[in-house]
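The values are calculated or read from the model by the stated rules, or taken from the named source; none is laboratory data. All of these numbers come straight from a predicted model, not from anything done at the bench. Quick reminder, even Gly has a Cβ in these numbers, built from the backbone with ideal geometry, and neighbours come from all protein chains shown. Side chains are part of the model used for accessible areas, which takes the heavy atoms of the whole protein and leaves out ligands, DNA and RNA. Shrake-Rupley method; radii C 1.70, N 1.55, O 1.52, S 1.80 Å.
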Amino acid sequence: MRLALLAFRLMCLAWLWPLTHNSSHSAKKRRHKEHIGESTKQKHGGRVDLKLKKLDSTKSLLIKSEQLLRIEDHDFAMRPGFGGSAIPVGIDVQVESIDGISEVNMDFTMTLYLRHYWQDDRLAFPSSSNKSRTFDARLVKKIWVPDVFFVHSKRSFIHDTTMENIMLRVFPDGNILYSVRITVTALCSMDFSSFPLDTQNCSLELESYAYNENDLMLYWKNGNDSLRTDEIVLSQFFVEDFQPSFGLAFYSSTGWYNRLYINFLLRRHIFFFMLQTYFPTMLMVMLSWVSFWIDRRAVPARVSLGITTVLTMSTIITGVTASMPQVSYVKAVDIYLWASFLFVFLSVIEYAAVNYFTTVEEMKRLRKAKIPDSYDANQAMAFDGCFHDNDIDLTPFPDTTSTSNTERNTQSRNSTVSGPTEGTRLRRKHPLLQNLSFIMSNSYMIDSYSRVIFPLAYLLFNIIYWSMYAS
């Protein structure tokens, strides 16, 4: 009986043993999770950091890629083939846009896709399908990449919307394609001697920062086809040519470096400056000629017209100068503006001469005339700046025309009849001085000559100017 009871107990224990073991194991797991949760809350101030969980999941993916590429087995602080020949790095550039060109700062801003090609046997991996693997910026920080930088750059950045615009493609044989999207602002030494009829030659220069030609050899991947551009439209320039080139740069402390050039030629559109500068300047010069057809006694009209054109030309010159860099040489637009300003200024000086000679002529006539007591000379001068013949009684004067003709006939007869007496010296007036005195005594002729001389001189200046700079 006892033996049967003991056997029954043993059977019950054998049946209950698996259930007891499973419940104790699950209790231990629950206690372990609770312990981890409490320690995490203590670390992060009573909350579980969701970003930490996200990084953990990402890290698990990176570990698989690192294991495939054996990143932990190599020192990627050293270049591929360290100690041997220089590693060749091919460059391929696609220009997306030229965002801006500044004459004041002498620089340009360009957005481009910069692609690097090289081989690193340390990243080779086995693949039955011979397909490449593509990664983003997270793996780039763990391997060696060329340290290419832009010479003479002022500002540059890698686009990061919505992620960093970096692509790394690794092929099974170790060939690597590394591509970045960059916006760079670089220096462009411009020559404004022909502005705004100028063409500018700018270049973007690429070079390795740390590795000289003994360690890294930069070259264009596909020759002249390595530089590709989309259709680029600029407001003030027309892009005439894009051309890649190659050269060497020497630094006294570190040696020779390979340097790649992206050269492009810019030709300025002239139509904007024709509307804003040249046409208004021409109109102001022509407007100053209107004073030649206004009566010389209308002092307020001619003076105000001359001063207005001078001030307008000064405003145009100031506006053009403010939008240009402060260079120490003369530009083409400066020559045109200052020559036009000279024509406007001379038109004002011309009227000053006309008014002066007119006043001198009338003063001479007043000395010979009988001035009435009621004539107020100061009042006449204050009105328009010159005397008037209408206010003077010139009746006592004989007919000057008949008198002068009679005297001229008498002199001619005397000259034909009797020659000069012995011992007398004859003097002939210089024709230039004679003509000048004649013009001074007939000041109205200055306006008559100016109506022809000024337009012809300005037309000749324009022909010479545009033939020199527009070709």
Condition check for residue 243: of a type outside the set (A, V, I, L, M), at pLDDT below 90 and open to solvent by 30 Å² or more (accessible area, probe 1.4 Å)
no
Out of 281, 312, I need the residue that is within 29 Å of residue 102 (Cα to Cα) and touching a residue at least 40 places away in the same chain (Cβ under 8 Å). Which one?
281
Which residue out of 142, 131 is within 27 Å of residue 222 (Cβ to Cβ), among the basic types (Lys, Arg), in a loop (DSSP other than H, G, I, E, B) and touching a residue at least 24 places away in the same chain (Cβ under 8 Å)?
131
Those residues that are assigned to a loop (DSSP other than H, G, I, E, B) and surrounded by 13 or more Cβ atoms within 10 Å (Cβ to Cβ), I need them from segment 218-232; list them, please.
221, 222, 232
Got a number for residues in segment 180-200 being open to solvent by 40 Å² or more (accessible area, probe 1.4 Å), outside any loop (DSSP other than H, G, I, E, B) and under 24 Å from residue 336 (Cβ atoms)?
1
Any idea how many residues of segment 350-375 are surrounded by 15 or more Cβ atoms within 10 Å (Cβ to Cβ), modelled with pLDDT under 75 and of a type in the set (Ser, Thr, Tyr)?
1
Given the conditions (1) at pLDDT below 95; (2) surrounded by fewer than 19 Cβ atoms within 10 Å (Cβ to Cβ), every one holds for residue 268 apart from (2)
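Quick one: is residue 310 over 18 Å from the mean Cα position of the chain (by Cα) and open to solvent by less than 30 Å² (accessible area, probe 1.4 Å)?
So residue 310 passes the test.
Do we find that residue 304 is exposed (fewer than 13 other Cβ atoms within 10 Å of the Cβ), farther than 19 Å from residue 458 by Cβ and touching a residue at least 24 places away in the same chain (Cβ under 8 Å) in this structure?
no
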Report, by residue number, each residue of segment 216-241 that is under 21 Å from residue 206 (Cα atoms) and among the hydrophobic types (A, V, I, L, M, F, W, C).
216, 217, 218, 220, 227, 239
Counting only residues in segment 87-121 that are part of a loop (DSSP other than H, G, I, E, B) and touching a Phe, Trp or Tyr at 6+ places or on another chain (Cβ under 8 Å), the one most open to solvent (accessible area, probe 1.4 Å) is identified as 103
Residues of segment 330-349 that turn out to be open to solvent by 80 Å² or more (accessible area, probe 1.4 Å) and under 23 Å from the mean Cα position of the chain (by Cα), as a count:
1
From the residues in segment 72-86 that are of a type outside the set (A, V, I, L, M, F, W, C) and open to solvent by less than 30 Å² (accessible area, probe 1.4 Å), which one is farthest from the chain's Cα centre (by Cα)?
80
